[in-house]
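In what follows, a structure is listed as structure tokens, so that the remarks can point back to it.
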Amino acid sequence: MYQTPNWIALRNFFYTDTRGSIKKMYQLATDHLSKLRIKAATDPAIQDILTFFEPFYLTFLEQYERSIDGRTAYHAKTAEFKELLGEVTGPMLRRWAAEIQMIYDSKSRQYKSFFPQGRTVFSRAKFDDRIQLVKTLGRNLLQDPQLVQLGRTVAAYGQQLEDLRDEQQGLEYSYSNNSTLLEQHREELSLGLFASFARLEFHYYRDIKQVADFYELKYFRTAPVVKPSVQ
């Protein structure tokens with residue numbers, strides 16, 4: 001856990017400047033690593049700093065890429081689930097209702113028993129409730145000798161929806177867990193960056209301006225605060 005020192009000179013600006021922006025940390029650290037590698041080719045002291053810093057970066061990068069992959073998989077599975085759910089509780093449900101009406105009139109007690117809350121609830125209830133409505137419809141249809149085949153179809157779609165939902169929620173958990181781990185690695189990488197910065201300051205203590213050559217300064221600049229004009 002990062003602790004804020006009382007003395008401002010000891011504060012880790014790499015941590016504070018990238019707080020809330022994993023992408024900024026990735027860009028800043030990647031740029032820094034590239035510049036260290038270039039300078040290390042001709043300066044053993046910089047090679048030593050590179051050797052120290054690189055593991056921090058690579059550990060962060062591994063989690064960063066894992067998080068991106070996890071987010072992509074989660075969003076893809078969510079889209080797949082929502083698409084099928086919309087289709088099942090929309091066009092398919094209308095066709096199933098029409099098929100039931102070929103046997104039971106829409107005003108009949110038998111027809112209404114399949115849709116005790118009406119059909120609108122299938123498209124308006126929460127995701128998990130909509131899945132259960134489909135599964136319940138499938139089970140009820142299976143109890144009717146004249147609608148067994150339709151019941152199998154509906155039940156199969158209900159199970160498919162439930163399986164997709166389970167996969168989507170599993171990916172959501174992994175995505176959330178990866179986000180937590182990535183934030184921890186951002187903090188750890190900020191420590192590596194700060195230590196590398198200190199070592200560069202020591203190495204170039206007679207020409208301190210050279211330290212800036214190892215960073216893209218745009219990542220540290222903030223937009224100026226525009227004060228309202230006095231009328």
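The residue that is farthest from LEU141 (Cα to Cα), among those in the stretch 152-175 that are of a type in the set (Asp, Glu) and touching a Phe, Trp or Tyr at 6+ places or on another chain (Cβ under 9 Å), is GLU172. Filtered by the rule that a residue be out of contact with any Phe, Trp or Tyr (no Cβ under 6 Å at 6 or more places or on another chain) and at pLDDT 90 or above, the stretch 208-224 gives ILE208, LYS209, ALA212, ASP213, PHE214, TYR215. Within the stretch 157-188, the residues that satisfy the criterion of being within 27 Å of MET92 (Cα to Cα), without any contact (Cβ under 8 Å) to a residue 60 or more places away in the chain and open to solvent by 60 Å² or more (accessible area, probe 1.4 Å) are GLN159, ASP163, ASP166, GLN169. Going by what's in this entry, would THR72 be described as of a type outside the set (Phe, Trp, Tyr) and surrounded by 14 or more Cβ atoms within 10 Å (Cβ to Cβ)? Judged against the criteria, THR72 is not a match. Of the residues in the stretch 73-94, at least one is among the aromatic types (Phe, Trp, Tyr) and either in contact with a Gly (Cβ under 8 Å, 6 or more places away or on another chain) or under 18 Å from ASP163 (Cβ atoms) (or both). Taken together, LEU161, LEU133, LEU150 contain a single residue that is part of a helix (DSSP H, G or I), under 30 Å from ARG66 (Cα atoms) and at pLDDT 95 or above, which is LEU161.
Table: residues versus (1) crowded, with 16+ Cβ neighbours inside 10 Å; (2) at pLDDT below 95; (3) touching a Ser or Thr at 6+ places or on another chain (Cβ under 7 Å).
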residue	(1), (2), (3)
MET1	no, yes, no
ASP17	yes, yes, no
LYS23	no, yes, no
ALA29	yes, no, no
PRO44	no, no, no
TYR57	yes, no, no
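Looking across the stretch 189-219, the residues that are open to solvent by 50 Å² or more (accessible area, probe 1.4 Å) and touching an Asp or Glu at 6+ places or on another chain (Cβ under 7 Å) come down to ILE208, GLU216. Of all residues in the stretch 111-134, those being surrounded by fewer than 15 Cβ atoms within 10 Å (Cβ to Cβ), touching a residue at least 24 places away in the same chain (Cβ under 8 Å) and more than 30 Å from the chain's Cα centre (by Cα) number 1. Counting only helices (runs of 4 or more DSSP H) that sit wholly inside the stretch 1-95, those with at least 3 residues that are in contact (Cβ under 8 Å) with a residue 12 or more places away in the chain and in contact with a His (Cβ under 6 Å, 6 or more places away or on another chain) are 44-87.
The values are calculated or read from the model by the stated rules, or taken from the named source; none is laboratory data. Everything numeric in this text was worked out from a predicted model, so none of it was measured. Every residue, glycine among them, receives a Cβ derived from its backbone with ideal geometry; neighbour counts consider all protein chains shown. The area values use the complete protein model at the heavy-atom level, side chains included, leaving out ligands, DNA and RNA. Shrake-Rupley method; radii C 1.70, N 1.55, O 1.52, S 1.80 Å.
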